[in-house]
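What follows is a set of notes on a single structure, which appears directly below.
We did not get these values from a lab; they are worked out from the coordinates using the rules stated. Since the model is a prediction, treat every value here as computed from it, not as a measurement. All Cβ positions, even for glycine, are placed from backbone atoms using ideal geometry, and neighbour counts span all protein chains on display.
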């Protein structure tokens, strides 16, 4: 099967499956944990869970930078058997229910788990519980971690505020600024003229576009966060890569194999997008269709004479 035809499986899908399948116990160990993302895992836990152990670093600099939240204390405390543990030297990312484990690079953040566009390139690999050294490592981590308390939380908050007010403190540019609701997390493009997105990326475009389209392009770029200084071919390759990773794309790809007409696409988006989304589904599909055919011209085309998106055979650009 060509790589371009393979569905993207985000680490978050595997982690949700692990949480849903846990019976009595789940251990979540990651240096960076965002409250909004952790709550999505907690909701997936079955009622039979009696032990939910969450281990993180919780360093003041992590809180000040926004890579971890103090609110996770309340999130974990609200789970039956929930305990938040702190280990200042934790770097590993490991998730397990005693029978199954996932290890790799992904923290409990929206970008790391593929629930925020654009996602990080991360990896979580399933390993058996009897993998050499795994149980010993988990036991050593839990034994050496400190149980979080309201007093510790308040101390960390105070120090984080001091750091943020320091003249030398700088927030890393790749850090998620805040948690977002489902509308922002499930991003779909808004700019109706994707061929002009490059000019907006360069700092221009206002003289070539109506104001609403220019504003939409700026919003899309803010969501996509392309690195500065890309050449136009690299910029377009970057956008194409993000489109391939969109949570909706695996299903659109499958539907377009047989031909996806406008009515079918609008019904599909109505089922997948939040009801509170302001943009009409027909408009969202019209824009998404333009983006797919512009940034992925070797993969998609519009059937001549009718608005049907067709997934074509992948062609190599020369």
Where the Cα pairs of the chain fall when distances are cut into 20 Å bins, in %: 28, 51, 20, 0
Candidates 204, 104, 96: whichever shows maximal mean-square fluctuation once the chain is modelled as a Gaussian network with Cα springs under 10 Å: 204
Amide N proximity, the stretch 23-39 versus residue 77 label position 7 Å along Cα-to-Cβ, cut-off under 19 Å: 33-39
Inter-probe distance in nm under a simple model that places probes 7 Å from Cα toward Cβ, at residue 154 and residue 231: 5.8
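Share of Cα-Cα pairs in the stretch 3-164 beyond 21 Å, in percent? If you can, show how the numbers build up before the last one.
On the way: 5710 of 13041 pairs.
Here the tail beyond 21 Å accounts for 44 percent of pairs.
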C-alpha long axis of helix 281-295 to longest principal axis of the chain, angle in °: 80
Unit Cα scatterers, Debye sum, the stretch 182-311: log10 I(q)/I(0) for q = 0.11 Å⁻¹: -0.38
Gain on full stretching of the segment that runs from residue 51 to residue 143 - 0.36 nm per residue minus C-alpha separation: 31.6 nm
Antiparallel DSSP beta bridges within the stretch 3-164, percent to nearest 5: 55
Nearest-ten-degree value, helix 262-272 long axis tilted from longest Cα axis of the chain: 10
Burial order of peptide ranges 214-222, 259-267 (average beta-carbon count within 10 Å, highest first): 214-222, 259-267
Burial ordering of 153, 272, fewest other beta-carbon atoms within 10 Å first: 272, 153
GNM top mover of 70, 90, 234 - the chain, alpha-carbon springs below 10 Å: 234
Distance (nanometres) between label positions extended 7 Å along Cα→Cβ at residue 303 and residue 222: 3.9
